[in-house]
Amino acid sequence: MRDFYRSPLGDLARRLIGRIIHARWLGAAGMTVAAVGYGPPYLDRFRDTAARSLSLMPAEQGAAIWPERNRCAVALVNAEMLPLPDNSVDRLLIAHALEAAQSPGVLLEEVWRVIAPEGRVLVIVPSRRGVWARVDTTPFGHGLPYSKTQLRDLLQGAVFSPVYWGEALFAPPINRRTVIRAAPTIERVGAAVGFPFAGVHVVEAVKQVYRPVGVHALPRARRAGVKPALAPIARRQARGCADHASFWSLAPREPME
């Protein structure tokens, strides 16, 4: 990922996606901004204005020093157990993490925990219909791409409400100078017309503070049907009376005078 974002094609992806992030988070000055996955290419523009910025990189992916060795703001973490207090992050970016997560729902639940009540999360994932998800030479070609419906269900299942849907990377992932020069124009036309083959989804969601509580039926004790029956002693007495009556009914009777 580090080598990709240092290439001309990676720099193009950073600029096109970063333009949307910057437009959505204009008011992030003085806030705590974090990223899960590989966020340095997109966190650079917030480093000077945010109160604090940090990049949390999953252990399966590895970590790279950012921004510099003597002021490193990167932590190697378990993405499903973030080392942050509850409600401690105002803006959180998920980039190159959700598509590679073994349990995306658990990851989003952990993100829900660390996001402040008024905080927002911005998710960048490869689009299932895009060309970038079909090319292995970029990070967007690895992991599980998502459709819009799948991403919406995943966010709502983690109690997030999407407030913005966007797309980026309409230009093909071709590392040639002519294509890279024409990419901004292709991006504007694709976003205006709504071409269906964008490379990534860019979704912003807010945290729902009040989680919906499922209704569970309370167990009720069922009364067994009562059938009248004799106690063991009474049953033996009744059996004895019946035997006695049957004995006298079979005994020979003397003729009455």
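Quick note: the coordinates plus some simple rules give every number you see, no bench work behind them. The structure displayed is predicted, hence computed values, not measured ones. Using ideal geometry, Cβ is built from the backbone for each residue, glycine included, and neighbour counts are taken over all protein chains shown.
Please indicate, with yes or no, whether at least one residue in segment 111-131 is assigned to a helix (DSSP H, G or I), in contact with a helix residue (DSSP H, G or I) (Cβ under 9 Å, 6 or more places away or on another chain) and farther than 16 Å from G39 by Cα.
Of segment 111-131, the ones assigned to a helix (DSSP H, G or I) are 111-114.
Checking which are in contact with a helix residue (DSSP H, G or I) (Cβ under 9 Å, 6 or more places away or on another chain) leaves us with none.
No, that holds for no residue.
If S161 meets every condition in (1) in contact with a Phe, Trp or Tyr (Cβ under 9 Å, 6 or more places away or on another chain); (2) assigned to a strand (DSSP E or B); (3) polar (S, T, N, Q) apart from one, which number is that one?
Condition not satisfied by S161: (1).
Would it be correct to say that I115 is under 28 Å from G194 (Cβ atoms) and either within 18 Å of the chain's Cα centre (by Cα) or surrounded by fewer than 16 Cβ atoms within 10 Å (Cβ to Cβ) (or both)?
Details: under 28 Å from G194 (Cβ atoms): no; either within 18 Å of the chain's Cα centre (by Cα) or surrounded by fewer than 16 Cβ atoms within 10 Å (Cβ to Cβ) (or both): yes.
No, not satisfied.
Here is a yes/no grid of residues against (1) surrounded by fewer than 20 Cβ atoms within 10 Å (Cβ to Cβ); (2) in contact with a Gly (Cβ under 7 Å, 6 or more places away or on another chain):
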residue	(1), (2)
Q156	yes, no
F160	no, no
A168	no, yes
A171	no, no
T178	yes, no
R181	yes, no
R188	yes, no
F197	yes, yes
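Conditions first: (1) farther than 22 Å from A13 by Cβ; (2) buried (at least 21 other Cβ atoms within 10 Å of the Cβ); (3) not aromatic (F, W, Y). P139 passes all but one, so which condition is the exception?
With (1) farther than 22 Å from A13 by Cβ; (2) buried (at least 21 other Cβ atoms within 10 Å of the Cβ); (3) not aromatic (F, W, Y) applied to P139, the lone miss is (1).
Return a yes/no flag: does segment 70-91 have any residue that is surrounded by fewer than 20 Cβ atoms within 10 Å (Cβ to Cβ), of a type in the set (D, E, K, R) and more than 22 Å from K207 (Cα to Cα).
Yes: segment 70-91 contains one or more residues that are surrounded by fewer than 20 Cβ atoms within 10 Å (Cβ to Cβ), of a type in the set (D, E, K, R) and more than 22 Å from K207 (Cα to Cα).
For D90, are the conditions met, namely being assigned to a loop (DSSP other than H, G, I, E, B), under 24 Å from the mean Cα position of the chain (by Cα), more than 25 Å from I186 (Cβ to Cβ) and not aliphatic (A, V, I, L, M)?
Details: assigned to a loop (DSSP other than H, G, I, E, B): no; under 24 Å from the mean Cα position of the chain (by Cα): yes; more than 25 Å from I186 (Cβ to Cβ): yes; not aliphatic (A, V, I, L, M): yes.
It is false that D90 is assigned to a loop (DSSP other than H, G, I, E, B), under 24 Å from the mean Cα position of the chain (by Cα), more than 25 Å from I186 (Cβ to Cβ) and not aliphatic (A, V, I, L, M).
The rows are residues; the columns are (1) under 25 Å from P58 (Cα atoms); (2) in contact with a strand residue (DSSP E or B) (Cβ under 8 Å, 6 or more places away or on another chain); (3) charged (D, E, K, R).
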position: P104; (1), (2), (3): yes, no, no
position: V121; (1), (2), (3): yes, yes, no
position: Q150; (1), (2), (3): yes, no, no
position: T178; (1), (2), (3): no, no, no
position: E187; (1), (2), (3): no, yes, yes
position: V206; (1), (2), (3): yes, yes, no
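Are any residues in segment 83-126 touching an Asp or Glu at 6+ places or on another chain (Cβ under 7 Å) and basic (K, R), and if so, which ones?
Hits for segment 83-126 are R113, R120.
For L107, are the conditions met, namely being touching a residue at least 12 places away in the same chain (Cβ under 8 Å), on the phi < 0 side of the Ramachandran plot and surrounded by 15 or more Cβ atoms within 10 Å (Cβ to Cβ)? Walk me through it before giving the result.
Values: touching a residue at least 12 places away in the same chain (Cβ under 8 Å): yes; on the phi < 0 side of the Ramachandran plot: yes; surrounded by 15 or more Cβ atoms within 10 Å (Cβ to Cβ): yes.
Yes; evaluated as a whole, the condition is true for this residue.
For segment 132-148, name all the residues that are closer than 19 Å to Q61 by Cβ and part of a helix (DSSP H, G or I).
If the condition is that a residue be closer than 19 Å to Q61 by Cβ and part of a helix (DSSP H, G or I), then W132, A133, P139, F140, G141 are the ones that fit.
Of the residues in segment 48-75, how many are part of a strand (DSSP E or B) and over 26 Å from A133 (Cα atoms)?
Restricting attention to segment 48-75, the residues satisfying the condition of being part of a strand (DSSP E or B) are 52-58, 74-75.
Retained after the next criterion (residues that are over 26 Å from A133 (Cα atoms)): 52-54, 74-75.
Result for segment 48-75: 5.
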